[in-house]
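Following: one structure in structure tokens, then a few remarks.
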Amino acid sequence: MIIENSDVILSVKDLSAEVDGIEILKGLSLEIKAGEIHAIMGPNGSGKSTFSKVLTGHPAYTVTGGEVTFKGQNLFDLEPQDRAREGIFLSFQYPLEIPGVSNLDFLRVAYNSKQKYKGLEELDAFDFDDLIRETLDIVKMNPAFLDRSVNEGFSGGEKKRNEILQMALLEPTLGILDETDSGLDIDALRIVANGVNQLTRPDNAVLMITHYQRLLDYIVPDYIHVMEGGRIVTTGGKELALELEERGYEWVTDKEPVEVGAR
Amino acid sequence: MSLQVTNLEAELKEPQSLVSERDRAQYLAQLIEHRNPLVVSGWLGTVRDRALNLLRDQALPSTRDEDWRFTDLSALYRTTFQPVKPAIVTSTDLDTWTTSDLPIRIVVINGVFAPEHSTLDTLPSGITVQSLATAEEAIQPYLLQQQGMNEVFTALNTASFTDGVVIRVGKNQVIETPIHLLFLTVAGDVPVAIAPRALIIAESGSAATLIEEYGAIASSSRAMTHQESGEGTYWTNAVTEISLADNAQLHHTRTQREATAGFHIGKTAVAQSRDSRYSLTTLNIGAQISRHNPEIVLTGIQTETHLNGLTLAVQSQLSDTHSLIHFAQPHCIAKQLNKCIVNDRARAVFNGRIEVPKAAQQTNAAQLSRNLLLSSKARVDTKPQLEIVADDVKCAHGATVSQLEDEEIFYLQSRGLDRESACDLLVKGFAAEITEKVPSEKLRSQLLTSILSLIRD
């Protein structure tokens with residue numbers, strides 16, 4: 001929801017970044033305020049996922065210019081784990097499998113890392129068990145998944161639900177969903193979207209990165225940005241998605257028509 | 001097929017610090033000369049003397065021997081070991097080695113059965129435990145059953161053990177509580193050699209769980225002498241023979257947590273009769289140089305065998321596992337998973353030999369070697385060795401070597417874990433697949449804690 005005069009959560013000014021010496025982000029600017037849901041759309045290779053990795057501090061990406069502040073502080077002063085503890089959460093496009101580490105242990109370690117950072121009480125196994133069982137319902141997850149190794153042998157949908165479960169547990173100020181809808185069947189998409197919708201509040205924000213308009217039927221954004229060539233080229237309301245669906249991305253880009261999947 | 005993996009920066013060239021054949025022969029003669037007398041002599045004396053004769057035709061190995069290619073024992077051969085003296089320890093000396101969830105305890109100190117530290121009064125009915133030195137001759141058929149008992153270090157143990165334990169699980173007896181068998185060394189002012197020995201007899205239809213551990217204790221009475229040179233160096237040359245009768249079942253855990261000054265060479269020789277089930281979980285964590293040879297001979301049909309091993313090698317440690325599974329009859333199953341975690345400039349070696357002769361049709365065998373290298377100078381040599389003659393079998397093997405991936409670490413960092421905690425969690429996950437099979441919660445957590453702290457040091 002768009003709220004008058006709400007706090008700026010994320011401010012990105014003229015951001016450039018490269019990976020392996022290739023510049024991917026070329027002057028990206030964006031502002032996200034508390035309560036808002038933003039969607040970034042765009043063809044493959046436009047830099048959408050790079051943007052999410054740069055915000056969360058992936059070591060392979062180098063920031064070459066611009067400024068990013070998160071809740072008023074310089075984001076680049078923070079280590080990846082401190083960005084997470086301060087309230088940035090990335091739902092991975094491809095969540096990693098961690099054999100031998102139970103999902104329950106992983107969730108508890110993650111939760112307690114944040115509690116400790118905030119000077120709040122860390123939960124022991126019993127108290128955490130109570131908390132996580134309440135949280136499971138948000139993504140309709142079977143408790144049996146807690147005893148399995150993190151993401152190991154999970155289906156695509158189960159992995160994404162596990163990501164949203166982590167988001168529910170960590171209660172981020174900014175939740176970034178990197179192609180969370182890709183590869184999901186419609187039932188899984190409904191569960192995931194419903195989970196995200198339960199987590200939105202006036203004091204947090206969501207940034208969805210997606211290739212498909214379909215997700216926006218289930219999580220309705222306040223703003224849609226179209227990304228092309230490493231920058232945002234168009235911004236509009238939710239109705240922009242329909243135009244894009246009908247007319248393709250080339251409609252909003254200055255350049256030659258972009259072949260989807262070319263990169 | 002041989003897979004040798006090392007990071008680019010690691011030196012590929014082997015230091016050839018060979019001790020000459022003549023020196024090794026002299027060394028062996030000296031070891032024999034220094035052997036201790038038996039606690040009680042009798043028929044066992046004849047067994048020892050026969051092994052002694054066997055040794056006269058044998059040589060200690062060097063890296064020129066295929067079986068010892070990656071494991072240079074020069075540091076061992078350069079050390080003069082004295083016969084071990086009986087040590088007196090108090091029950092508090094044992095504290096770090098006992099846990100409350102393992103109430104059945106059998107303790108052997110410096111190779112000699114210590115009934116005063118063992119819980120003989122509270123043994124469940126169905127098990128008998130006795131000193132090897134005073135065992136009746138009736139157990140002799142269970143000793144030295146296998147071909148591998150002629151191997152030089154095993155024969156050296158047979159020629160020099162002074163005592164040991166015999167554990168017998170009676171027919172159709174089901175023992176729920178694990179038996180905690182501790183082989184502990186009290187090292188002296190000068191380097192000492194110990195030859196611990198155990199014989200486990202599982203009678204037909206029995207079921208039991210055994211946790212066998214090797215390590216050192218600092219005796220409180222000796223605590224003042226640690227500065228003296230040579231203090232603390234010792235060599236454990238251990239042999240455990242296990243005999244499973246028809247339809248018997250044994251869950252066996254073996255940990256090697258020797259002190260860093262220690263050398264450890266050990267054999268676990270297992271003979272499985274028909275329909276028996278045996279699982280072995282090994283944890284090789286300690287010693288400067290260690291070698292473990294589990295040798296499983298499947299003498300009956302329809303046996304099942306599970307070998308799970310974890311090796312941790314840090315600093316300049318060298319830890320070698322050479323396993324053998326010999327099939328002899330049809331319809332037998334064996335599954336093996338061996339894992340190594342190697343840090344610093346340490347080395348791990350895994351050689352997994354599986355023999356499937358013509359008679360062993362319908363064999364189902366699988367072996368997997370998974371390795372985690374934590375530093376650019378760490379090295380692992382892993383080699384599956386399958387010899388399959390039978391033509392109607394299912395045998396699979398594989399080996400992987402990996403490092404902690406930046407992607408994995410980043411995933412955990414993005415959930416609020418710092419880099420160190422992220423690495424710990426990943427290593428713990430890698431190790432847990434083996435440690436979770438240890439049937440004692442307290443020992444499991446001790447093992448994981450010591451693995452993580454050894455990696456961090």
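Condition first: without any contact (Cβ under 8 Å) to a residue 40 or more places away in the chain, closer than 15 Å to B:H322 by Cα and part of a loop (DSSP other than H, G, I, E, B). Now tell me which residues in the range B:56-68 satisfy that. First the steps, then the outcome.
Step one: list which residues in the range B:56-68 are without any contact (Cβ under 8 Å) to a residue 40 or more places away in the chain, which gives B:56-57, B:65-66, B:68.
Within this subset, residues satisfying the condition of being closer than 15 Å to B:H322 by Cα are B:65-66, B:68.
Passing the criteria: only B:D65.
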Query raised in the report: Would you call A:G153 farther than 18 Å from A:G175 by Cβ and not in a helix (DSSP H, G or I)?
Result: yes
Query raised in the report: Just checking, which of A:A110, A:A125 is closer than 21 Å to B:L425 by Cα and either surrounded by fewer than 16 Cβ atoms within 10 Å (Cβ to Cβ) or hydroxyl-bearing (S, T, Y) (or both)?
Result: A:A125
Report task. Give me a count of the residues in the range A:88-106 that are touching a Phe, Trp or Tyr at 6+ places or on another chain (Cβ under 8 Å) and over 12 Å from A:R148 (Cα atoms). Result -> 4
Report task. Can you work out which of the residues in the range A:132-142 that are under 23 Å from the mean Cα position of the chain (by Cα) and in a helix (DSSP H, G or I) is surrounded by the fewest Cβ atoms within 10 Å (Cβ to Cβ)? Result -> A:E134
Query raised in the report: Any residue in the range A:117-130 that is modelled with pLDDT of 95 or more, in contact with a Lys or Arg (Cβ under 8 Å, 6 or more places away or on another chain), part of a helix (DSSP H, G or I) and within 14 Å of chain B (Cβ to nearest Cβ)?
Result: yes
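Output yes when any residue across the range B:394-409 is more than 23 Å from B:L283 (Cα to Cα), within 13 Å of another protein chain (Cβ to nearest Cβ) and surrounded by 16 or more Cβ atoms within 10 Å (Cβ to Cβ), and no when none is.
Yes, some residue in the range B:394-409 is more than 23 Å from B:L283 (Cα to Cα), within 13 Å of another protein chain (Cβ to nearest Cβ) and surrounded by 16 or more Cβ atoms within 10 Å (Cβ to Cβ).
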**Report entry** Filter result for the condition that a residue is assigned to a loop (DSSP other than H, G, I, E, B) and on the phi < 0 side of the Ramachandran plot, over B:A155, B:A138, B:A133
**Finding:** B:A133
Query - Residues located in the range B:429-457, provided they are under 24 Å from B:S100 (Cβ atoms), crowded, with 19+ Cβ neighbours inside 10 Å and at the interface with chain A (Cβ under 10 Å from one of its Cβ atoms) - result: B:A431, B:A432, B:I434, B:T435
Query raised in the report: Within the bounds of the range B:414-424, is there any residue that is within 12 Å of chain A (Cβ to nearest Cβ), under 22 Å from B:G286 (Cβ atoms) and among the charged types (D, E, K, R)?
Result: yes
**Report entry** Residue list for the range A:98-111, restricted to those being in contact (Cβ under 8 Å) with a residue 12 or more places away in the chain and facing chain B (nearest Cβ under 9 Å)
**Finding:** A:I98, A:P99, A:G100, A:V101, A:S102, A:F106, A:L107, A:A110, A:Y111
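Among the residues of the range A:44-96, which ones are acidic (D, E), touching a Gly at 6+ places or on another chain (Cβ under 9 Å) and more than 9 Å from chain B (Cβ to nearest Cβ)?
The first filter runs over the range A:44-96 and keeps only residues acidic (D, E), leaving A:67, A:77, A:79, A:82, A:86.
Keeping just the survivors that are touching a Gly at 6+ places or on another chain (Cβ under 9 Å) gives A:79, A:82.
Within the range A:44-96, no residue meets the criteria.
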Query raised in the report: If you go through the range B:81-108 one residue at a time, how many are over 30 Å from B:R24 (Cβ atoms) and assigned to a strand (DSSP E or B)?
Result: 4
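Residues checked against (1) within 21 Å of B:I175 (Cα to Cα); (2) in contact with a Phe, Trp or Tyr (Cβ under 6 Å, 6 or more places away or on another chain); (3) among the small types (G, A, S):
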| residue | (1), (2), (3) |
| --- | --- |
| B:G262 | no, yes, yes |
| B:S276 | yes, no, yes |
| B:N284 | no, no, no |
| B:R345 | no, no, no |
Requested in this report: Identify all residues within the range A:131-150 that are within 12 Å of chain B (Cβ to nearest Cβ) and within 19 Å of A:V196 (Cβ to Cβ); write none if there are none.
Outcome: none
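Looking at the range A:63-79, can you tell me whether even one residue there is small (G, A, S) and surrounded by 19 or more Cβ atoms within 10 Å (Cβ to Cβ)? Full working, then the answer.
Looking only at the range A:63-79, we keep the residues that are small (G, A, S), and these are A:65-66, A:72.
From the residues that got through so far, the ones that are surrounded by 19 or more Cβ atoms within 10 Å (Cβ to Cβ) too are none.
No; the residues of the range A:63-79 include none that is small (G, A, S) and surrounded by 19 or more Cβ atoms within 10 Å (Cβ to Cβ).
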Report task. Please enumerate the residues belonging to the range B:56-67 that are crowded, with 17+ Cβ neighbours inside 10 Å and either over 22 Å from the mean Cα position of the chain (by Cα) or within 16 Å of B:W235 (Cβ to Cβ) (or both). Result -> B:L60, B:P61
Report task. Spot the failing condition for B:A138; the list is (1) free of Cβ contacts under 8 Å to residues at least 12 places away in the same chain; (2) of a type outside the set (K, R); (3) surrounded by 22 or more Cβ atoms within 10 Å (Cβ to Cβ), and only one is missed. Result -> (3)
Query - Verdict on A:A168 being in a helix (DSSP H, G or I), at the interface with chain B (Cβ under 10 Å from one of its Cβ atoms), among the small types (G, A, S) and within 22 Å of the chain's Cα centre (by Cα) - result: no
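The values are calculated or read from the model by the stated rules, or taken from the named source; none is laboratory data. Since the model is a prediction, treat every value here as computed from it, not as a measurement. When we count neighbours, we look across all protein chains shown, and the Cβ atoms used for this are built from the backbone with ideal geometry, even at glycine.
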